[in-house]
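Single-structure report; data block below.
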Amino acid sequence: MRASLLQVAVNGDETVESRRRRVADLVREQAGADLVVLPELWTTGAFAHEDFGREAEPLDGPTRQAMAEAAREAGVWLHAGSVPERGAPDGGSGGGADAGEGPLYNTSLVFSPSGELAAVYRKIHRFGFDEGEAVLMSAGDALVTVPLPHTTLGLATCYDLRFPELFRGLVDAGAETLVVPAGWPERRRSHWTLLARARAVENQAFVLACGTAGTHAGVPQAGHSIVVDPWGEVLAEAGPDEQVLTVDLDPAKVAKTREQFPALKDRLLGLPTPTPRP
Ligand SMILES: O=C(O)CCC(=O)C(=O)O
């Protein structure tokens, strides 16, 4: 299975429309790959909080149209990263919704090679503590897996990478390849690499983690998109700048690793609750 991670540069001096056209062209150039992956919030930038509301799209907005077409023309499965989504007005609470507006979500879209929308994942763990995404956006509440011909994808987004229980849930639902689009900042790059490898080792799964390059809203991005195999070995790692990272994976390696070193079978389900300290 050939996977291409498009580590897009998201800089403040490029318009969303121009970046959308440029990224659609980049996707078309990946004909021959089985799976193409884009980063988190690459239209606006993950830290351009003030643009989320203005650039938010409904599920059938311009990014969906452009990415569906690009996936179909390239004939690839496309994880189109995420976009700020404006949900329906009655679609939930909070998320910075003004009166009459629907909530915002950080929403990933996956397309089949015929351009059909195959899956939608709304980011569950919102980043920013009491600021930014954490207050502007609403949280998703569903784990999402996507069966492909060679493997089953498990979907997560950026900050989700810090929450191992989410990935365990995806593995329990059949995931073998964990896909993590991100807009991870340079300042915490060591965590990015460490956590991507940890999620691969503990779940005995491939991890495809695709970040952004460039600087937007004053936040330099880490780049360094990474592909890790089920043994925790790094198969490929990008540098800091815009780059297409292409790698050939053997999907059978997941079953082989789980069979030869069956640690997942030793999980103790229903561990006792710790007694609170007196
Ligand atoms: O967890 C981190 O350090 C970065 C998370 C982040 O930037 C995000 O989720 O947008």
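The values are calculated or read from the model by the stated rules, or taken from the named source; none is laboratory data. Only a predicted model underlies this, so the values are computations on that prediction, with no experimental measurement involved. Cβ sites come from the backbone with ideal geometry, for glycine too, and all protein chains shown count toward neighbours. Each accessible area value is taken on the protein alone, full model and side chains, heavy atoms only, with ligands, DNA and RNA left out. Shrake-Rupley method; radii C 1.70, N 1.55, O 1.52, S 1.80 Å.
Return the loop-located GluC sites (Glu not before Pro) in region 227-278 (DSSP other than H, G, I, E, B) with at most 13 other Cβ atoms within 10 Å of their own Cβ; answer none if there are none.
Glu233
Between Arg197, Arg54, Arg64, find the one with the highest GNM mean-square fluctuation for the chain; connect C-alpha pairs within less than 10 Å.
Its mean-square fluctuation being the largest, the pick is Arg54.
Please report, in debye to the nearest 20, how large the charge dipole of region 2-264 is about its Cα centre when each Lys and Arg carries +1 at its beta carbon and each Asp and Glu carries -1 there.
Dipole about the Cα centre, nearest 20: 500 debye.
To the nearest 0.05, how large is the calculated FRET efficiency for Glu50 and Arg168 if R₀ is 30 Å and r is the Cβ-Cβ distance?
For Glu50 and Arg168, the calculated efficiency is 0.25.
As a test of the formula, what do you get for the chain when each DSSP H run with n ≥ 4 contributes -39,500 (n - 2.57) and the sum is divided by the residue count, at 222 nm and rounded to the nearest 500 deg cm²/dmol?
Dividing the helical sum by the residues of the chain leaves -7500 deg cm²/dmol.
Considering only protein heavy atoms and a probe of 1.4 Å, how much of the accessible area of the chain is carbon and sulfur, as a whole percent?
Answer for the chain is 51 percent, counting heavy atoms of protein chains only.
Round to the nearest 0.05 the FRET efficiency obtained for Glu73 and Asp130 when R0 = 45 Å and r is the Cβ-Cβ distance.
Taking R0 as 45 Å, the efficiency between Glu73 and Asp130 is 0.55.
Give me Rg over Rh for region 213-273, both radii from the alpha carbons and Rh done the Kirkwood way, two decimal places.
That ratio equals 1.19.
If you filter region 207-278 for trypsin sites (Lys or Arg not before Pro), then keep DSSP loop positions with at most 16 other Cβ within 10 Å, what is left?
For trypsin sites (Lys or Arg not before Pro) across region 207-278 that sit outside H, G, I, E and B with at most 16 neighbouring Cβ atoms in 10 Å, the list reads Arg267.
Using only Cα atoms, locate the centre of region 102-127 and the centre of region 40-55, then give the distance between them in Å, rounded to an integer.
Cα centroid to Cα centroid, the span is 15 Å.
Could you provide, to the nearest whole Å², the per residue accessible area of region 31-163 with probe 1.4 Å?
On a per-residue basis, 38 Å².
Over region 2-264, with a single point scatterer placed on each C-alpha, what log10 of the ratio I(q)/I(0) does the Debye formula yield at q = 0.16 1/Å?
Normalising to I(0) and taking log10 leaves -1.18.
Label Arg22 and Gln260 with points 7 Å out from Cα along Cα→Cβ: what is the distance between them in nm?
About 4.2 nm separates the two model spin labels.
Over region 2-264, calculate the relative contact order: mean separation of alpha carbon pairs under 8 Å at least 6 apart, over the residue count, as a percent.
Normalised by residue count, the contact order of region 2-264 is 19 percent.
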